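*Asks:* I'd like to ask you about the structure that follows.
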Amino acid sequence: RLYGEDIDGSLAWADGLAAAGLLSAEELKAIREGLQQVRREFEEGTFESEPSDEDIHTAVERRLTELIGPVAGKLHTGRSR
């Protein structure tokens, strides 16, 4: 149930990283589109959890990485998690 808040926070964080010059416009676009796809999967009931998903944060991160590749890792720049 927290997927929306997690994704909203990640979208805002990505915008901040881009504003700080830590993400290129292309990277920001990929992250934003990937997160929106993850949101759609949750909303449509097609998101598939994995046993390795510790919580909503790791589930979203895993799926985003599956969708857009290594650039997803840049989303966690400056985060403690």
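All of the numbers you see were taken from the coordinates with simple rules; none came from a lab. Every value quoted in this text rests on a predicted model; they were computed, and no experiment measured them. All Cβ positions, even for glycine, are placed from backbone atoms using ideal geometry, and neighbour counts span all protein chains on display.
*Asks:* Run the dipole for the chain about the Cα centre, Lys and Arg Cβ at +1, Asp and Glu Cβ at -1, nothing else charged, and hand back the magnitude in debye, nearest 20.
*Replies:* Roughly 300 debye, rounded to the nearest 20.
*Asks:* Now, a different point. Out of the GluC sites (Glu not before Pro) in region 1-70, which ones are loop residues according to DSSP with at most 11 other C-beta atoms within 10 Å?
*Replies:* Sites meeting the loop and neighbour criteria: E48, E54.
*Asks:* Mean residue ellipticity at 222 nm from the helices of the chain, using -39,500 (n - 2.57) per DSSP H segment of n ≥ 4 over the full residue count, to the nearest 500 deg cm²/dmol?
*Replies:* -20500 deg cm²/dmol
*Asks:* Among V71, A20, H57, whose Cα projects farthest towards the positive end of the dipole of the chain, with charges put on the beta-carbon of Lys, Arg (+1) and Asp, Glu (-1)?
*Replies:* A20
*Asks:* Is the C-alpha gyration tensor of the chain telling us rounded, prolate or oblate? Criteria: a/c under 1.5 is rounded; beyond that, a/b larger than b/c is prolate, otherwise oblate.
*Replies:* The shape class here is prolate.
*Asks:* Okay, next question. Specify the residue with the greatest mean-square fluctuation among V71, V60, V38, computed from a Gaussian network of the chain linking alpha-carbon atoms under 10 Å apart.
*Replies:* Looking only at V71, V60, V38, the biggest GNM fluctuation is shown by V71.
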